[in-house]
């Protein structure tokens, strides 16, 4: 006849069973975490290829549709970031009466990116950029309530990666302080300080030099402004940023002619 199990052996069995269940639970948790990031959509490369045609708005709209379909199939932070960036670009090249809606879509997609990864740089950066452009399109004085959130977005990016988008957060802050009236916290000195900081991370970005030239012009420091414009006109385009460089060079020529006229008067 089998001997009855002692209370001690029963207690050991219970502990072993609990440990087994616990170990299985941890295995399941690790599997869940490893599967948390959705797989990359097979068609995402097509989206990237379409998005490279930024000067062709028809193809660029196809890229946006492609990214949206990809996100619907596999919601990913990087896809949402791409859409935030795409709607910013589309908005900056749209008719005035279309801009607010497009920048709002950029805001919405950037927020989705932040939900998927609160510590990611892209969501915070493009949220701040789209908010700033939304404010410009709506009217700066009507949009002063957005200033705090724009600055907060850039500060979060700086805390994670200040070099993101070629010193982007400092470039955005430099432009915000340039555009803002003084009573709302704006100031040319703060603009110049942040733009110079941006150049420490990416010294050859034409847009930063153009913004800096405009800030110097507002200070009537025409010599410094012309130095920045000359850098733009003598610097070759960075691969992948040709559309920006082309537009910046055109604006640099216009501003240089304007400064020369002022110096002649």
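The values are calculated or read from the model by the stated rules, or taken from the named source; none is laboratory data. Note that the structure is predicted; figures quoted are calculated from it, not measured. Here the Cβ is made from the backbone with ideal geometry for all residues, glycine too, and neighbour counts use every protein chain on show.
Run down 87, 177 and say which single residue is at pLDDT 95 or above, closer than 30 Å to residue 71 by Cβ and surrounded by 18 or more Cβ atoms within 10 Å (Cβ to Cβ).
87
Within the bounds of region 80-92, is there any residue that is without any contact (Cβ under 8 Å) to a residue 24 or more places away in the chain, part of a helix (DSSP H, G or I) and over 11 Å from the mean Cα position of the chain (by Cα)?
no
So which residues in region 198-209 are crowded, with 23+ Cβ neighbours inside 10 Å and within 15 Å of residue 170 (Cβ to Cβ)?
198, 205, 208, 209
Here are some residues: 147, 157, 172. Which one is modelled with pLDDT under 95 and crowded, with 19+ Cβ neighbours inside 10 Å?
After applying the criteria, what remains is 147.
When you scan region 242-250, do you find a residue that is within 24 Å of residue 126 (Cα to Cα), within 19 Å of the chain's Cα centre (by Cα), touching a residue at least 40 places away in the same chain (Cβ under 8 Å) and exposed (fewer than 15 other Cβ atoms within 10 Å of the Cβ), even just one?
So far as region 242-250 goes, yes, one or more of its residues are within 24 Å of residue 126 (Cα to Cα), within 19 Å of the chain's Cα centre (by Cα), touching a residue at least 40 places away in the same chain (Cβ under 8 Å) and exposed (fewer than 15 other Cβ atoms within 10 Å of the Cβ).
Collect the residues in region 180-191 that are surrounded by fewer than 15 Cβ atoms within 10 Å (Cβ to Cβ) and in contact (Cβ under 8 Å) with a residue 12 or more places away in the chain, keeping them in residue-number order.
181, 184, 185
Looking at the structure I just gave you, is residue 212 in contact (Cβ under 8 Å) with a residue 24 or more places away in the chain, under 17 Å from residue 170 (Cβ atoms), within 19 Å of the chain's Cα centre (by Cα) and buried (at least 19 other Cβ atoms within 10 Å of the Cβ)?
No; evaluated as a whole, the condition is false for this residue.
Looking at 163, 184, which one is touching a helix residue (DSSP H, G or I) at 6+ places or on another chain (Cβ under 6 Å) and within 21 Å of residue 124 (Cβ to Cβ)?
Going through 163, 184 in turn, just one is touching a helix residue (DSSP H, G or I) at 6+ places or on another chain (Cβ under 6 Å) and within 21 Å of residue 124 (Cβ to Cβ): 163.
Just wondering, is there one or more residues in region 222-229 that are touching a residue at least 40 places away in the same chain (Cβ under 8 Å) and either surrounded by 21 or more Cβ atoms within 10 Å (Cβ to Cβ) or closer than 28 Å to residue 53 by Cβ (or both)?
For region 222-229, residues touching a residue at least 40 places away in the same chain (Cβ under 8 Å) and either surrounded by 21 or more Cβ atoms within 10 Å (Cβ to Cβ) or closer than 28 Å to residue 53 by Cβ (or both): absent.
Answer yes or no as to whether residue 129 is surrounded by 21 or more Cβ atoms within 10 Å (Cβ to Cβ) and more than 25 Å from residue 187 (Cα to Cα).
For residue 129, the condition - surrounded by 21 or more Cβ atoms within 10 Å (Cβ to Cβ) and more than 25 Å from residue 187 (Cα to Cα) - is not met.
Which of the residues belonging to region 55-76 are surrounded by 19 or more Cβ atoms within 10 Å (Cβ to Cβ) and closer than 12 Å to residue 43 by Cα?
If the condition is that a residue be surrounded by 19 or more Cβ atoms within 10 Å (Cβ to Cβ) and closer than 12 Å to residue 43 by Cα, then 63, 66, 67, 70, 71 are the ones that fit.
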